[in-house]
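S.K.: Mind having a look at this structure? Questions to follow.
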Amino acid sequence: MTGPVGILVSALVVGAGFGAATSLVNALSHSYADLGSRAYATGGWSVAEIMSVLLDSGWAWAGLAVAVGWLVTRARESGPAALAQGGAAGALVLLAATAAYSVVDAIRSGGQVSWYESEPLLWWVASVVLGAPLGAVGACVKRSGAIGLLARLTVPVGAAVQMVVLPPGRNEVVETMGKTIVWTAAAAIVGFIVVRFLLAERRRRSLAAAESP
């Protein structure tokens, strides 16, 4: 779906699903936590907590916007229209994810969704300010050359950098596991992307050399 309606539906469905899933995983993580135990507080962990650390992180939300920007423009020619559609999709998906996260959190806690409070308002603004350029990056993923390469590297490189600047987890064990998973995945993805790019460039140059007189 590449029309305006398709972009709207795709972004809302994917964003709502991601936001709701993140909230539910966070809740599951908290249900396993025994923060009254010193041993758990300093070295305990659970699979749900690791999943929570991975999902509820900046790089994962950024990756969501990039992925949806690519999803809604993958069948279009690269150009200003594709960039605009990707940017719109990136902003919409993060808005939908933020809304779904807030709603599910409110339902679980029995409270109200406070759209106007400072922290939720900050996430609404960030969804548009950051989601639009990230969605445009997603629209560039299918491009060849350096622009396409940089677009494809945005999420794995960003994830690796976040592990240095803002490590995940509440204790050293969770932090180490989170960083190990992200760094390993990022290294594998970056390696795959770079090797594939170099092979594509080699084929392109070989074809150009064969066609030249």
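The values are calculated or read from the model by the stated rules, or taken from the named source; none is laboratory data. Fair warning: this is a prediction, and the values are worked out from it, not measured in the lab. Glycine gets a Cβ as well: all are built from the backbone with ideal geometry, and neighbour counts include every protein chain shown. The protein model used for the area step is the full one, side chains on, heavy atoms only, and it has no ligands, DNA or RNA in it. Shrake-Rupley method; radii C 1.70, N 1.55, O 1.52, S 1.80 Å.
S.K.: May I ask you to evaluate 6.51 cos²θ - 1.76 cosθ + 1.60, the Karplus curve with θ = phi - 60°, for each residue of region 12-27 and list the ³J(HN,Hα) values in order in whole Hz, giving x for glycine and proline?
M.R.: 5, 5, 5, x, 4, x, 5, x, 5, 4, 5, 4, 5, 5, 4, 5
S.K.: By how many degrees, between 0 and 90 and to the nearest 10, does the Cα long axis of helix 80-109 differ from the longest principal axis of the chain?
M.R.: Its long axis makes an angle of about 10 degrees.
S.K.: Label point 7 Å out from residue 201 along Cα-to-Cβ: which residues of region 128-169 have amide N under 13 Å?
M.R.: 144-150
S.K.: Can you tell me the 0 to 90 degree angle between the C-alpha axis of helix 145-165 and the longest principal axis of the chain, rounded to 10?
M.R.: 20
S.K.: In whole percent, how big is the carbon plus sulfur part of the accessible area of the chain, probe 1.4 Å, protein atoms only?
M.R.: 70
S.K.: Here's a follow-up. How tilted is helix 118-139 with respect to the longest principal axis of the chain? Cα atoms for both, answer in degrees (0 to 90, nearest 10).
M.R.: For helix 118-139, the angle is close to 20 degrees.
S.K.: Please report the relative contact order for the chain, taking Cα pairs under 8 Å with a sequence separation of at least 6, and give it as a percent rounded to a whole number.
M.R.: 25
S.K.: Express the accessible area of the chain per residue in Å², computed with a 1.4 Å probe while the remaining protein chains stay in the model.
M.R.: Per-residue value: 56 Å².
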